[in-house]
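The values are calculated or read from the model by the stated rules, or taken from the named source; none is laboratory data. Because the structure is predicted, anything quoted here is derived from the model rather than measured. Cβ sites come from the backbone with ideal geometry, for glycine too, and all protein chains shown count toward neighbours. In case anyone asks, the SASA skips ligands and DNA or RNA and just uses the protein heavy atoms, side chains included. Shrake-Rupley method; radii C 1.70, N 1.55, O 1.52, S 1.80 Å.
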Amino acid sequence: MLGTAASSAATIPTTAQTANSIRRAFQTTTFDSLSSSHHPILCARFHFLSLRSFSNVSTKAMSHSQTLHASNYHPQSSSPGNKQALISLSDKKELTLLGNGLQELGYTIVSTGGTASALENAGVSVTKVEQLTCFPEMLDGRVKTLHPNIHGGILARRDQKHHMEALNEHGIGTFDVVVVNLYPFYDKVTSTGGIAFDDGIENIDIGGPAMIRAAAKNHKDVLVVVDSQDYPALLEFLKGSQDDQQFRRKLAWKAFEHVASYDSAVSEWLWKQTGGDKFPPKLTVPLSLKSSLRYGENPHQKAAFYVDKSLSEVNAGGIATAIQHHGKEMSYNNYLDADAAWNCVSEFRNPTCVIVKHTNPCGVASGDYILEAYRLAVKADPVSAFGGIVAFNIEVDDALAKEIREFRSPTDGETRMFYEIVVAPKYTEKGLEILRGKSKTLRILEAKKNEKGKLSLRQVGGGWLAQDSDDLTPQDIQFNVVSEKKPQDNELRDAEFAWLCVKHVKSNAIVIAKDNRMLGMGSGQPNRLESLRIALRKAGDEVKGAALASDAFFPFAWKDAVEEACESGIGVIAEPGGSIRDGDAVDCCNKYGVSLLFTKVRHFRH
């Protein structure tokens, strides 16, 4: 038997003192000496007696000596020399380092389930949390640490006398260190093949966040750690004699951030399970610092680069997760330009090269031979291409790498082309070796194509704009012939190519293309006519019979952009249509014998 009532009955006053005496008695029981089947019996007896002690009903006193076994655990106070650490981990990386380090520093370690077993296997002495709570782990692990004996020891303020008196009254010890990380919800719900809804729910941690938040709130007295990389710093701090509140605050900040990111993942996942709109009523975007940057767009602006840790971005590609194989660290403007180049080149099906300057593609060419495509992309605007970003949608091998390294500018035939960045989906080993030899500073990026359907966010003062990404390609739309002259097959292909290019050019945007290569483009002008004139000037004599694409409709035709394009020798024009003067554009093209295609799709890019 666990114990029997004393043979001599005594009436006990119904006070909190009686219940606390019983509680202390049961807390001092050696749980390790009892089988698991005895735990619920002991805790049930304690619960029953505690209720009776508060119900104005007399009960018989229990003989402490008859009821309880000798104690191996006594609740610790915050007095010098009595130091406790609570450890509960899903990710047990560096646990042995932590456990041994705390034990050497004289800490009593309290732990749960698998963490306690792992510590014991490593030779670290452990007090199991059941010995404090007088309750075994229950409800399939849902309830382990949600108990006043745990949270009271974490949350009590050491500088508040009545807090400490309450702990002493209830036989609760304090915790000085809390080390917790959470169920791997993020990894589970983003695993290959997904996860069943019920399994996802079971991977939502409850007790862990509660302990982390409690310790972080009381960080003045409790050190909270959620990252194994902080274990060495924690142990060094504990070895010192000086307290550092800034260190404590940084750990507390990290703890709250950790829980906030965790909760944002749960929220994002649950919203998707509801089948709700793509734009939820509230949206949290978890960002993780990847690097501090030398400066922002300009040297006087400080800057940093963050990676989006949303569930929707897992394995979804993009420049943010690109691998840098060589070169100087990326700058703020490098990221913007590399993103623009990669997004553009990834849209093309055939082997393609895109060269970008200040986020605008200044050269684009596709073909069966990537070497020729590269040369033609440079030729489109060699002056702008110099110092730009060059991107490919196929592997860079040794032949292409040599061409990138040695190719001379078409402007003089002598100057080697210089680039800030080369980005491609992969590289051969020899190709990488050759490119590394071009320049110590050349940034070489390996990126994965962006998945379609992403949420596009953009900041404005005091808020954010959210929209679907512009994923449409020529295969997704209809090029409707609205002119008398129908385009030849090669002209239609040119129009489709120009249309795919123009969606990546800043508005107002015009692109002129022929034979799967950009001849000229005009971008960012306040009016479409000026963008047209810039594109025509860059295209030069090659404009004859070429295709022209506009990102939006032409508001005027006669003595304006449409007529100037027709007079220059353009063979086919592709535009969205939708202007009240569309009829003028049709009539103008008919007059000059130019094919006019309406796509009904606009491609503004601000």
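Annotations
- Filter result for D412 (surrounded by 18 or more Cβ atoms within 10 Å (Cβ to Cβ), over 35 Å from the mean Cα position of the chain (by Cα) and not hydroxyl-bearing (S, T, Y)): no
- Checking V189, V177 one by one, the residue that is open to solvent by less than 30 Å² (accessible area, probe 1.4 Å), modelled with pLDDT of 85 or more and either touching a helix residue (DSSP H, G or I) at 6+ places or on another chain (Cβ under 7 Å) or within 24 Å of T112 (Cα to Cα) (or both) is V177 and no other.
- Verdict on S111 being of a type in the set (S, T, N, Q) and surrounded by fewer than 22 Cβ atoms within 10 Å (Cβ to Cβ): no
- The set of residues in the stretch 537-556 being surrounded by fewer than 24 Cβ atoms within 10 Å (Cβ to Cβ), more than 18 Å from H504 (Cα to Cα) and aliphatic (A, V, I, L, M) consists of V543 alone.
- Residue within the stretch 123-133 that is touching a Phe, Trp or Tyr at 6+ places or on another chain (Cβ under 9 Å), open to solvent by 10 Å² or more (accessible area, probe 1.4 Å) and of a type in the set (D, E, K, R) present: yes
- Residue ID - modelled with the highest pLDDT, chosen from residues in the stretch 467-481 that are hydrophobic (A, V, I, L, M, F, W, C) and open to solvent by less than 50 Å² (accessible area, probe 1.4 Å): F479
- Residue within the stretch 421-433 that is under 30 Å from P280 (Cβ atoms) and surrounded by 14 or more Cβ atoms within 10 Å (Cβ to Cβ) present: no
- Of the residues making up the stretch 67-89, those that are modelled with pLDDT of 85 or more and either among the small types (G, A, S) or in a helix (DSSP H, G or I) (or both) are A85, S88.
- Flag if G453 is more than 25 Å from E329 (Cβ to Cβ) and open to solvent by less than 80 Å² (accessible area, probe 1.4 Å): yes
- Qualifying position, being more than 24 Å from the chain's Cα centre (by Cα), farther than 22 Å from E496 by Cβ, assigned by the TED database to the domain that holds I421 and surrounded by 20 or more Cβ atoms within 10 Å (Cβ to Cβ), among G363, G327: G327
- Hey, L289 over 23 Å from V143 (Cα atoms) and buried (at least 20 other Cβ atoms within 10 Å of the Cβ) or not: no
- Selection status of V259, surrounded by 13 or more Cβ atoms within 10 Å (Cβ to Cβ), of a type in the set (V, I, T) and either under 29 Å from L432 (Cα atoms) or over 19 Å from the mean Cα position of the chain (by Cα) (or both): no
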